[in-house]
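Colleague: Take this structure, written in structure tokens, and hold onto it; I'll ask about it next.
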Amino acid sequence: MAIAVKSSGVTSPFSARGIEVTDLENTGLNDFLSTSTTVYTFDLDNAANGAVTYFKLYDSASPTYGTTEPSLMIKVAASTRAVWSIAQGLKLTTGLSVMASTAAGPTSGSSPGSNFNCSMVVS
């Protein structure tokens, strides 16, 4: 799993940054920005997988994957890419943690068979 934080290059009243996480798995990625965050867009790429993948986001610095209920869960169909925008933003006060799983709900399930990539615009 790799993560890259990129400047959006957009002039705006908030400091938007692009975040890219490649090969997200069911082991999750904990509090990788180490600050409160507002998320404005999700670009979820499940094109490499022949099965449904669930993107799970937690307002937590260290959720217990497999038992902690996600704050947001997005079902991404097999072999597709889904782009979601939240006009007012999704405010996370405790931390930004994410995972990708083949199972819905809090269960950790299995990792996607191939790379599941996630890009976000945050401030």
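The values are calculated or read from the model by the stated rules, or taken from the named source; none is laboratory data. Values in this document were obtained by computation on a predicted structure and should not be read as measured data. Cβ coordinates were reconstructed from backbone atoms using ideal geometry, including for glycine residues, and neighbour counts include every protein chain displayed. With ligands, DNA and RNA removed, areas are computed over all heavy atoms of the protein, side chains included. Shrake-Rupley method; radii C 1.70, N 1.55, O 1.52, S 1.80 Å.
Colleague: Is at least one residue of segment 26-35 charged (D, E, K, R) and farther than 21 Å from SER123 by Cα?
Modeller: The answer is no, given that none of the residues of segment 26-35 is charged (D, E, K, R) and farther than 21 Å from SER123 by Cα.
Colleague: Would you point out the residue of segment 84-101, among those that are of a type in the set (S, T, N, Q) and over 18 Å from PRO63 (Cβ atoms), that is farthest from the chain's Cα centre (by Cα)? It would help to see each step written out before you state the result.
Modeller: Filtering segment 84-101 for residues of a type in the set (S, T, N, Q) gives 85, 88, 93-94, 97, 101.
When the remaining residues are screened for being over 18 Å from PRO63 (Cβ atoms), the result is 85, 88.
Values: SER85: 13, GLN88: 17 Å.
Result: GLN88.
Colleague: Here's another thing I want to ask about it. Considering (1) loosely packed, with under 15 Cβ neighbours inside 10 Å; (2) in contact with a Cys (Cβ under 8 Å, 6 or more places away or on another chain), say which one SER110 fails and leave the rest.
Modeller: Result: SER110 passes all but (2).
Colleague: Considering only residues that are in contact with a Gly (Cβ under 7 Å, 6 or more places away or on another chain) and open to solvent by 10 Å² or more (accessible area, probe 1.4 Å), look in segment 85-105 and name the one that is nearest to GLU25 (Cα to Cα). So that I can check it myself, show each step before the final result.
Modeller: To start, the set of residues in segment 85-105 that are in contact with a Gly (Cβ under 7 Å, 6 or more places away or on another chain) comprises 97-99, 101-103.
Okay, now just the ones that are also open to solvent by 10 Å² or more (accessible area, probe 1.4 Å), so 102-103.
Numbers: THR102: 10, ALA103: 12 Å.
Filtering first and then ranking leaves THR102.
Colleague: Taking strands (runs of 3 or more DSSP E) that fall entirely within segment 15-70, which contain at least 2 residues that are in contact with a helix residue (DSSP H, G or I) (Cβ under 6 Å, 6 or more places away or on another chain) and basic (Lys, Arg)?
Modeller: Details: elements: 17-22, 37-45, 53-59.
So the answer is none; nothing clears 2.
Colleague: Looking only at segment 71-84, filter to residues that are in contact (Cβ under 8 Å) with a residue 24 or more places away in the chain and not in a loop (DSSP other than H, G, I, E, B); which one of those is surrounded by the fewest Cβ atoms within 10 Å (Cβ to Cβ)?
Modeller: Filtering segment 71-84 for residues in contact (Cβ under 8 Å) with a residue 24 or more places away in the chain gives 73-84.
The next check asks that each one be not in a loop (DSSP other than H, G, I, E, B); those that pass are 73-76, 81-84.
Values: MET73: 16, ILE74: 15, LYS75: 12, VAL76: 23, ARG81: 12, ALA82: 15, VAL83: 10, TRP84: 16.
Applying the filter and picking the extreme gives VAL83.
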